[in-house]
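This report concerns only the one structure given below.
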C-alpha cells in the first residue's frame, strides 16, 4: 500500500506541474499584445531575429539597433514589460522592429517570455538573444557579420551556439560616467577583465544546469564561464555563458532556463557579447530594481553595499585591460573557433 500511495502522490504532483505549466502558457499568451511592427516575420536559413526583453530601454535603443543592424540582424522582436520612458514610441517608427507588450512579472515569466513569444511571430531562421545593454560580436573570420556564422551553423547541423559575456567598464567615478550618453559610454567603457574566471565543463554532472544540458550534443569540448570582473569587484558569481543563438525550428525545444536549452546540437564555435551594465546612472538603476524586486537572483542587492564608499564609487580591478577585440579574446582563450569554421567562412563569397 505504501508503494501505491507514493506512486499516486508522484502522479498527482506530475499532473499538477503540467496543469500549472499549461496555465502559465495560457496566461502568457493572453497577456501578450502587439503594439507595432509586423506580426509575421519570415527568415531565411542564414538570417536571424534579435530577441530583446526590456523595460524602459530608451537610453540604450538607438545604439543597440545600430550595432546589430551593422552586423546583419534582419529583424528585432522587442518584448516590452511596461516601459514609461518613450521606448514604445521610439520603436514604433522602426520598420524592422516588432514590439509586443507583456506586463506579467518578469521575475516569474522571464523564461517563458523569451522562449515562447518569439515563436508566435517568427518563422524560420535563427534567434539571437540580446539584452538592451549588450552588443553581440561575431567571432573572428566573419568580417564583423553574423550571416557567415549562421551559414556555418546551418551547414554543420548545429542548432545552438554559446556566447560568453564580457563586462565592460570604466575606472572613472560613477558620478562622472552617469552623465555619459550610451554612445559616449560605448567609446569610454573600454576596460574589461578576463581573469578570475571559473571554467565549468558543459556536461559536468554537478553543474547546476546539468538537468537541461545532459542530453545535448556538443561538437567538441565546450564549457561555461563563471565569475570575471563582477566576482573580482563585487564578490558575485555570475554565470557568463548562455545559448545566445538558437535555430528556430520545431525540433528545438523552447529554453527551460535563461542560460540553458535542451535538445540541441551545440556548435564548436563560441562568440562573445559586450555587456554595458555599468553605464548611465547604474547606481540609481540598481537601487530602483532592488526596491521593485524586479529580479530574484539578488546580484543588484549585493552591489548596493559597495556603492556608498567615501569619495564616490569607481570600478577597478587588478586584471583590467583595454578591450582587445574578438581576435584578442580568441587568442586569450575566452572564445574559440575551429579549423573547420575558419576554412568554411574563408571559402564564402565576399559580400
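Consider only pairs whose beta carbons are under 6 Å apart and that are at least six residues apart or on different chains; among these, list those whose first residue lies in the stretch 44-73 and is at positive phi and assigned to a strand (DSSP E or B) and whose second residue is crowded, with 21+ Cβ neighbours inside 10 Å and modelled with pLDDT under 95.
From residues that are at positive phi and assigned to a strand (DSSP E or B), there are no pairs.
Yes or no, residue by residue, for (1) modelled with pLDDT of 75 or more; (2) surrounded by fewer than 14 Cβ atoms within 10 Å (Cβ to Cβ); (3) touching a strand residue (DSSP E or B) at 6+ places or on another chain (Cβ under 9 Å); (4) not in a helix (DSSP H, G or I):
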position	(1), (2), (3), (4)
269	yes, no, yes, yes
274	yes, no, yes, yes
280	yes, no, no, yes
286	yes, no, no, no
289	no, no, no, no
296	no, yes, no, yes
300	no, no, no, no
305	no, yes, no, no
309	no, yes, no, yes
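Pick out the one residue from 28, 65, 35 that is crowded, with 17+ Cβ neighbours inside 10 Å and touching a strand residue (DSSP E or B) at 6+ places or on another chain (Cβ under 8 Å).
Only one candidate qualifies: 65.
Restricting attention to the stretch 110-120, does a residue exist that is in contact (Cβ under 8 Å) with a residue 60 or more places away in the chain, closer than 23 Å to residue 189 by Cα and out of contact with any strand residue (DSSP E or B) (no Cβ under 8 Å at 6 or more places or on another chain)?
no
Just the residues that are out of contact with any strand residue (DSSP E or B) (no Cβ under 8 Å at 6 or more places or on another chain) and surrounded by fewer than 19 Cβ atoms within 10 Å (Cβ to Cβ), please, taken from the stretch 207-231.
Hits for the stretch 207-231 are 208, 210, 211, 214, 215, 220.
With respect to residue 174, determine if the residue is touching a residue at least 12 places away in the same chain (Cβ under 8 Å), surrounded by fewer than 16 Cβ atoms within 10 Å (Cβ to Cβ) and in contact with a helix residue (DSSP H, G or I) (Cβ under 7 Å, 6 or more places away or on another chain).
For residue 174, the condition - touching a residue at least 12 places away in the same chain (Cβ under 8 Å), surrounded by fewer than 16 Cβ atoms within 10 Å (Cβ to Cβ) and in contact with a helix residue (DSSP H, G or I) (Cβ under 7 Å, 6 or more places away or on another chain) - is not met.
One residue is enough: does the stretch 241-254 have a residue meeting the conditions outside any strand (DSSP E or B) and buried (at least 23 other Cβ atoms within 10 Å of the Cβ)?
No, the stretch 241-254 contains no residue that is outside any strand (DSSP E or B) and buried (at least 23 other Cβ atoms within 10 Å of the Cβ).
The values are calculated or read from the model by the stated rules, or taken from the named source; none is laboratory data. The structure presented is a predicted model; accordingly, all values stated were derived computationally and were not measured. All Cβ positions, even for glycine, are placed from backbone atoms using ideal geometry, and neighbour counts span all protein chains on display.
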